[in-house]
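The values are calculated or read from the model by the stated rules, or taken from the named source; none is laboratory data. Keep in mind the model is a prediction, meaning the values are calculated, not measured. Every residue, glycine among them, receives a Cβ derived from its backbone with ideal geometry; neighbour counts consider all protein chains shown. Side chains are part of the model used for accessible areas, which takes the heavy atoms of the whole protein and leaves out ligands, DNA and RNA. Shrake-Rupley method; radii C 1.70, N 1.55, O 1.52, S 1.80 Å.
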Protein chains: 2
Amino acid sequence: MAGFKTNSTIASCGGKLLKLNHESKVLKSAMDVNVFLPPAAVDGKKKVPVLFFLSGLTCTPQNCSEKGFFQSAAAQHGIAIVYPDTSPRGSDHPGENDSWDFGSGAGFYINATEKPWSDNYNMYDYVVSELPEALFEEFPQLDADRVSITGHSMGGHGALTLFLRNPGKYKSVSAFSPISNPINAPWGIKAFSGYFGEQNKAKWAEHDATELIKKYSGPSPEILIDVGTGDQFYKDKQLLPENLVEAANDSANYKGKVNLRLQPDYDHSYYFISSFAKDHVEHAAKYLL
Amino acid sequence: MAGFKTNSTIASCGGKLLKLNHESKVLKSAMDVNVFLPPAAVDGKKKVPVLFFLSGLTCTPQNCSEKGFFQSAAAQHGIAIVYPDTSPRGSDHPGENDSWDFGSGAGFYINATEKPWSDNYNMYDYVVSELPEALFEEFPQLDADRVSITGHSMGGHGALTLFLRNPGKYKSVSAFSPISNPINAPWGIKAFSGYFGEQNKAKWAEHDATELIKKYSGPSPEILIDVGTGDQFYKDKQLLPENLVEAANDSANYKGKVNLRLQPDYDHSYYFISSFAKDHVEHAAKYLL
């Protein structure tokens, strides 16, 4: 067994939400992770595809499990959902808990190169490799060959960059209000300066969806992105989804294939996510089923 | 205008969730209340029916707005949802904040007769009269002639008793894990002892759904009740829905018309509520549309 402890098993939408905890080697941290098993997977006999949901700044696996309402559509389509945490916890690095947009709860789905973060802020390796490998070992009903990814805000950045850095690994990607061009946005500049160093701009570009899509070659399923026009972070140019669309339209592989939907009046909250969760599950289902 | 202050207006499921606050005379308290306007009512031109959701112990209007996920089905059917708070706030009665199941957050939808609670713990009058009258004045698009009611736990008790005490006022009623026979359950005994006095058993019976249904005469739409078999409060005999069913089946009006669904493994949480919210909106829609 891959060492998961089950803290609770909760009936939800005909399936089961498992609240798990396990020891991550790459993060040197005990990590919470929630897994929703659709009805088809609860008895463990049928292999089901998997959709990873990467959460935004300050979130834990609980926020989207409680408020994102992916479970209904996931149950209907027979897709499992994995909700990872957003950073190592309790590392006690100086300053780790001083900001809501850096350190704890703000791992940015990268492997840090700057000390002290380079010791264990390896959320990229965790989400791409360690966590799924452990889950596929623990739950044989999860199909390692049919995995898609989505996320919100910082997690939208995570979903897009993990997809674009690993051609073919994820069958599809979508995002809610993603940080689409972090090297040009205050949140991204702060995070990449801290985790990669201010000078290492080549490294920054390796984790910027807009930069990555320019050079991407690989399978190119449509990318679905929803952003609310009432989202203050969108207005403050933290998200910059148009930069991603523009880069995609200039690219060989993704010309015309980033579907950016600007949703009138919607904000950055889980009210927004839950309003469109069904669409994102159905987007993934097109490529997973 | 009826004196509502709008703290926020949030896009949700094609409609708008309004987070309101107003001064209640009967509660002598500023009260939060959330109202979801479905798309059909947002421009204010079309009258829509209204479903009240009464929350359980410790809850505010926020819990179910965020986690109950009624908005999706309500938007689809063109039904407004009203989420009242569960007690006056900040009254400073001795002991008001000492228990999670009495006083603040635990108004039980009654008018208290014992001091000091009789001063302002009048959630019955608030939910039956003052709040809806103020809302119908403020929002002419809410149809005062088409109102239904539902609720969870203590709020399920509230929904059932308000329906049974006011024949014809509510077009339908349903409940999630309701306290169905409070005079025989620890929560109800504690609350009714405190709010009505230990001796006043006649008063207790006036707010007990199982007692009320025995004598009920009036319109008798089917009552939908969902209870999870994994619900610890059900196992602990706080809810006693079978007592209500038995009393209904012995009654003239409600024989065979309480549809109690025991949902395997579900607990008492919002994961349970959100899993069946759609069914309860559709139940109300049968009588409202």
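Side notes on the structure shown:
- Residue count, region A:184-216 (criterion: open to solvent by 40 Å² or more (accessible area, probe 1.4 Å) and either in a helix (DSSP H, G or I) or under 19 Å from A:VAL245 (Cβ atoms) (or both)): 11
- Candidate set from region B:202-223 (those that are closer than 21 Å to B:LYS171 by Cα and of a type in the set (A, V, I, L, M, F, W, C)); member that is farthest from the other protein chains (Cβ to nearest Cβ): B:LEU212
- All of (1) within 14 Å of chain B (Cβ to nearest Cβ); (2) under 18 Å from the mean Cα position of the chain (by Cα); (3) open to solvent by 10 Å² or more (accessible area, probe 1.4 Å) hold for A:ASP226 with one exception: (3).
- The residue of region B:18-38 that is farthest from the other protein chains (Cβ to nearest Cβ), among those that are without any contact (Cβ under 8 Å) to a residue 60 or more places away in the chain and either among the basic types (Lys, Arg) or within 28 Å of A:GLN232 (Cα to Cα) (or both), is B:ASN21.
- Qualifying residue in region B:262-281 (condition: over 30 Å from B:SER72 (Cβ atoms) and either at pLDDT 95 or above or open to solvent by less than 40 Å² (accessible area, probe 1.4 Å) (or both)): no
- Qualifying residue in region A:230-243 (condition: crowded, with 20+ Cβ neighbours inside 10 Å, assigned to a loop (DSSP other than H, G, I, E, B) and among the polar types (S, T, N, Q)): yes
- One residue from B:SER172, B:SER177 being open to solvent by less than 10 Å² (accessible area, probe 1.4 Å) and touching a Pro at 6+ places or on another chain (Cβ under 6 Å): B:SER172
- Matching option when the condition is away from every other protein chain (no Cβ under 14 Å), closer than 16 Å to A:VAL147 by Cβ and of a type outside the set (Ser, Thr, Tyr), among A:HIS77, A:HIS93: A:HIS77
- The residue that is nearest to the other protein chains (Cβ to nearest Cβ), counting only those in region B:1-17 that are farther than 18 Å from B:GLN62 by Cα and not hydrophobic (A, V, I, L, M, F, W, C), is B:GLY14.
- Residue in region B:59-66 that is over 15 Å from the mean Cα position of the chain (by Cα) and either more than 25 Å from B:LYS171 (Cα to Cα) or free of Cβ contacts under 8 Å to residues at least 40 places away in the same chain (or both) present: yes
- Pair list, Cβ < 9 Å and 6+ apart or interchain, from region B:39-52 residues that are within 16 Å of B:VAL147 (Cα to Cα) to residues that are open to solvent by 100 Å² or more (accessible area, probe 1.4 Å): B:ALA41/B:LYS47; B:LYS47/B:ASP145; B:PRO49/B:ASP145; B:PRO49/B:LEU289
- Test: residue in region A:164-186 that is farther than 27 Å from A:LYS255 by Cα and out of contact with any strand residue (DSSP E or B) (no Cβ under 8 Å at 6 or more places or on another chain): yes
- Flag if A:PRO241 is closer than 17 Å to A:MET154 by Cβ, away from chain B (no Cβ under 14 Å) and of a type outside the set (Gly, Ala, Ser): yes
- Figure legend. Inter-residue proximity from region B:243-262: first residues under 14 Å from B:PRO221 (Cα atoms), second residues outside any helix (DSSP H, G or I) and acidic (Asp, Glu), beta-carbon distance below 7 Å, spacing 6+ or different chains. Indicated pairs: B:LYS257/B:GLU222; B:ASN259/B:GLU222.
- Pairing residues of region B:5-17 that are open to solvent by less than 30 Å² (accessible area, probe 1.4 Å) with residues that are among the β-branched types (Val, Ile, Thr), at Cβ distances under 7 Å and at least 6 apart in sequence or on separate chains, gives B:GLY15/B:VAL42; B:LEU17/B:ILE10.
- Among all positions in region B:247-262, there is at least one residue which is within 14 Å of another protein chain (Cβ to nearest Cβ), of a type in the set (Lys, Arg) and in contact with a strand residue (DSSP E or B) (Cβ under 8 Å, 6 or more places away or on another chain).
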